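Chemist: Before anything else, here's the structure in question.
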Amino acid sequence: MSFPVIGVVGGGQLARMMAPAATALGVRLRVLAEGGDVSATTAAECVVGDYRDLETLRDFAASVDVVTFDHEHVPAEHLRALEAAGVNLQPGPDALQHAQDKLLMRQACDRLGLPNPAWAAVTTVDELIGFARRVEFPVVLKTPRGGYDGKGVRVVASVEDAEDCRDWFGLGFEALLVEDLVEFSRELSAQVARTPSGTTASYPVVESIQTDGICDVVTAPAPGIDPRTAQAAEEAAVTLAEGLGVTGMLAVELFETPGIGPGFMVNELAMRPHNSGHWTMDGAVTGQFEQHVRAVLDLPLGATDTLGAYTVMKNYLGGANEDLYSAFPAAMAAHPEAKIHAYGKSVRPGRKIGHVNVVAPLAEDLAAAREAAESAAAIIRDGHRAQNEPRTAAADDLQEQS
């Protein structure tokens, strides 16, 4: 059997990071990229085209053996047309619609008996206010489609706030999603991979710290998590993967709610590799990108054992330093234990442009691992060492040479 070709719709950093995993397995990766300068173009074979155009998708699918996704934004009707034409989609549209549409996701969680916050589909401001009065303000209003990294989400704390959302009901959605504002102790994420044959492999539940709606720091496994909550969260992710027919990687974002139900509520789903799983690239036997490649090809899944007591992942966003590579020597010299990943993106304030992983071999090394990941990320972001940060002799030598 010849080695297959995987097609990835979307040329972002997730497609970029699938490329080394595919290459290691001898598998070709071909990407349908949004433009000639997106993240994946320097790491994989790319064709430029519009994923919103059905004929473009048909032509792309004809050149590969299986199609998977860097994002969930391909129109559902196009996916169904491809499926009807016999295209091997992983995941398929019946599954992917639950990551595309938050209202469908909430319905599915209720149907599968998983813990949801109180929620409703609302079509008017009056319906929004009525729901908020029933559960008590504040509530969270969400667009059912297209939101990510805090976009398409609005906290509604009063009738006046609800009235200010009137323009949201003119965005073209049949209904908006409103949810009770969950009081939670922290955010968690449970990841599972599932093959078309139905085998699954779960990763440890992780803690995810969000800043301004964007994933900032992930610690794997989640420190201090109740083992019963961790087990129930892993089981919930498997229930969703099996119940929805997910293939590839599934990330289930959760609110930790100690003392309520199983200790968590479902927040959102992503059916692809996910930011909360970037730690696996250096902290697990099988990273999430290799696991996704294995899963969509229906290969046996890899082991998910951790390589240390903890792994810390720290995102770095666009900041003062526009020449990221110029800061790599200082970051690497100061923190040789850090594994630096860059997404090949131009720098813009607040844009995700890379992440740093640090493995803590022992539990007592967690604080040092977190400090190292945050420090290395700060050096890259700012282009200089943070004030009062301890220096190494190697970093001093580099500073003198520059």
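The values are calculated or read from the model by the stated rules, or taken from the named source; none is laboratory data. Being a predicted model, the structure only gives us computed values, none of them experimental. Backbone-built Cβ (ideal geometry, glycine too); neighbour counts: all protein chains shown.
Chemist: Residues to consider are Glu34, Glu55; find the one that is more than 17 Å from Pro273 (Cα to Cα), crowded, with 20+ Cβ neighbours inside 10 Å, acidic (Asp, Glu) and outside the structural domain of Arg351 (by TED's automatic domain parsing).
Modeler: Numbers: Glu55 fails: crowded, with 20+ Cβ neighbours inside 10 Å.
Criteria check complete, one pass: Glu34.
Chemist: Among the strands (runs of 3 or more DSSP E) lying completely within segment 143-209, list those that include at least 3 residues that are touching a residue at least 60 places away in the same chain (Cβ under 8 Å). Steps first, answer last, please.
Modeler: Working: elements: 153-156, 176-180, 186-194, 200-202.
It comes to 176-180, 186-194, 200-202.
Chemist: Something else about it: Restricting attention to segment 79-103, and to residues there that are part of a helix (DSSP H, G or I) and in contact (Cβ under 8 Å) with a residue 40 or more places away in the chain, which single residue is nearest to the chain's Cα centre (by Cα)?
Modeler: Step one: filter segment 79-103 for residues part of a helix (DSSP H, G or I), giving 79-84, 93-100, 102-103.
Of the ones still in play, those that are also in contact (Cβ under 8 Å) with a residue 40 or more places away in the chain are 94-96, 98-100, 102-103.
Values: Asp94: 20, Ala95: 17, Leu96: 14, His98: 15, Ala99: 11, Gln100: 14, Lys102: 15, Leu103: 19 Å.
Step by step, filter segment 79-103, then rank; the result is Ala99.
Chemist: Then there's this: Determine whether Thr124 is under 23 Å from the mean Cα position of the chain (by Cα), hydroxyl-bearing (Ser, Thr, Tyr) and not assigned by TED's automatic domain parsing to the domain that holds Glu234.
Modeler: Criteria not met by Thr124.
Chemist: Could you check segment 165-176 and list, in sequence order, the residues that are more than 13 Å from Ala132 (Cβ to Cβ) and either hydrophobic (A, V, I, L, M, F, W, C) or surrounded by 13 or more Cβ atoms within 10 Å (Cβ to Cβ) (or both)?
Modeler: Quick first cut of segment 165-176, residues more than 13 Å from Ala132 (Cβ to Cβ) only: 166-175.
If the condition is that a residue be more than 13 Å from Ala132 (Cβ to Cβ) and either hydrophobic (A, V, I, L, M, F, W, C) or surrounded by 13 or more Cβ atoms within 10 Å (Cβ to Cβ) (or both), then Trp168, Phe169, Leu171, Phe173, Ala175 are the ones that fit.
Chemist: Next question. Checking Ala162 against (1) crowded, with 21+ Cβ neighbours inside 10 Å; (2) assigned by TED's automatic domain parsing to the domain that holds Ala376, only one condition comes out false. Which one?
Modeler: Only one criterion in (1) crowded, with 21+ Cβ neighbours inside 10 Å; (2) assigned by TED's automatic domain parsing to the domain that holds Ala376 is unmet by Ala162, namely (2).
Chemist: Let me ask something additional. For residues in segment 111-148 being polar (S, T, N, Q) and touching a strand residue (DSSP E or B) at 6+ places or on another chain (Cβ under 7 Å), which is farthest from Gln231 (Cα to Cα)? Let's see the steps before the verdict.
Modeler: The initial filter retains those residues of segment 111-148 that are polar (S, T, N, Q), namely 116, 123-124, 143.
Now narrow it down to the ones that are touching a strand residue (DSSP E or B) at 6+ places or on another chain (Cβ under 7 Å): 116, 143.
Numbers: Asn116: 18, Thr143: 31 Å.
Within segment 111-148, the match that is farthest from Gln231 (Cα to Cα) is Thr143.
Chemist: Considering (1) buried (at least 20 other Cβ atoms within 10 Å of the Cβ); (2) within 29 Å of His355 (Cα to Cα); (3) outside the structural domain of Val312 (by TED's automatic domain parsing), say which one Val192 fails and leave the rest.
Modeler: Only one criterion is unmet by Val192, namely (3).
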